Amino acid sequence: MVGQGEMVERLRPLVVGHRGRRQESVRFRPSTWRPWLEPYHAAHVLGLGTADDASTGGDRLLGRDDLAAARRAAGDSPEGLRDLFVAVMIWGSGTTNGRAPRYTGAALGDPRLPGVLDTTRDAVRSGELGRAYAEFRVRGVGRSFFTKWFAAVDDRGPGHAYALILDDRVFRSLNALGWSSREAAGTRLRPARYVAYVTAMHDWAAALDVTADWLEWLMFDLNGRVRPPWGTPG
């Protein structure tokens, strides 16, 4: 297993080379989403973000700052949490994931959704990320998207090991760097592996003087293109 110090040194040239870059807003097309949201009276969420002036199809732009504003507006109401969840699904898919609107519709039609959003939001804000991971069970929503939900609802900020997104692109970069969540957690259980990932990312970020969510985004953006001289974990 790659140790803490060795992983920091493998990450360092990537961080130095990309330090000035920032995540851009995601472009989405409201007309694609509207048929899936209207049956659940959630189409008003499509007004979030800003208009994409370069688009001829009515596209809009949605960024992390917009999600933070939606989180503050959500409060504790089931409707507010549902709207935030929809915003997360839109932001997480943009125009590249053609199945996301259908999956979002499936989630909105799942009677478990309101309770799951409420309980996992509380678990995340209490720092119980493993419990949140284990309890998120909703039709159409897998790890790549429900960890985006965790990141969106976590308002704890610096000084805490706040939730981070773990999707296939992030995994691809970490594996290419030689890191294994299973080895780090010492178990195959996915909730524990997610906690190990969040903990490790915060530790690496602190050592590299960047924020953990920026490092997460960098791993996402690189999508495995880290050109390592080492092998992948067994």
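Details
- Residues of the chain: accessible area per residue with a 1.4 Å probe, Å²: 47 Å²
- Computed over the Cα atoms of the stretch 82-205, the ratio of the radius of gyration to the Kirkwood radius (Rg/Rh) comes to 0.96.
- Highest GNM mean-square fluctuation among Arg125, Arg99, Arg29, for the chain modelled with Cα contacts below 10 Å: Arg99.
- By accessible area, using a 1.4 Å probe on protein heavy atoms only, the stretch 104-172 has 51% of its surface on carbon and sulfur.
- The fraction of accessible area contributed by carbon and sulfur in the stretch 1-93 is 51 percent, rounded to a whole number (1.4 Å probe; ligands and nucleic acids excluded).
- Proximal charge balance of Leu61 [Cβ under 9 Å; K/R count +1, D/E count -1]: -2
- Rounded accessible area of Ser31 (nearest 10 Å², 1.4 Å probe): 80 Å²
- Within the shell of other residues whose beta carbon sits under 11 angstrom from the beta carbon of Trp149, the net charge comes to +3, with Lys and Arg scored +1 and Asp and Glu -1.
- In this structure His44 has an accessible area near 110 Å², from a 1.4 Å probe over the protein heavy atoms.
- From the coordinates shown, mean projected area of the Cα convex hull in nm² corresponds to which of (1) 11.7; (2) 12.8; (3) 20.5: (2)
- Sum of side-chain charges, Ala206 neighbourhood, beta-carbon under 14 Å (Lys, Arg +1; Asp, Glu -1): -3
- Rounded if a/c under 1.5, otherwise prolate or oblate - the stretch 1-116, Cα gyration tensor axes: prolate
- Accessible area (Å², 1.4 Å probe, nearest 10) - Tyr103: 70 Å²
The values are calculated or read from the model by the stated rules, or taken from the named source; none is laboratory data. Bear in mind the structure is a predicted one, so any value in this text is a computation, not a measurement. Note: ideal-geometry Cβ built from the backbone for every residue, glycine included; neighbour counts use all protein chains shown. Accessible surface areas use protein heavy atoms only, side chains included; no ligands, DNA or RNA. Shrake-Rupley method; radii C 1.70, N 1.55, O 1.52, S 1.80 Å.
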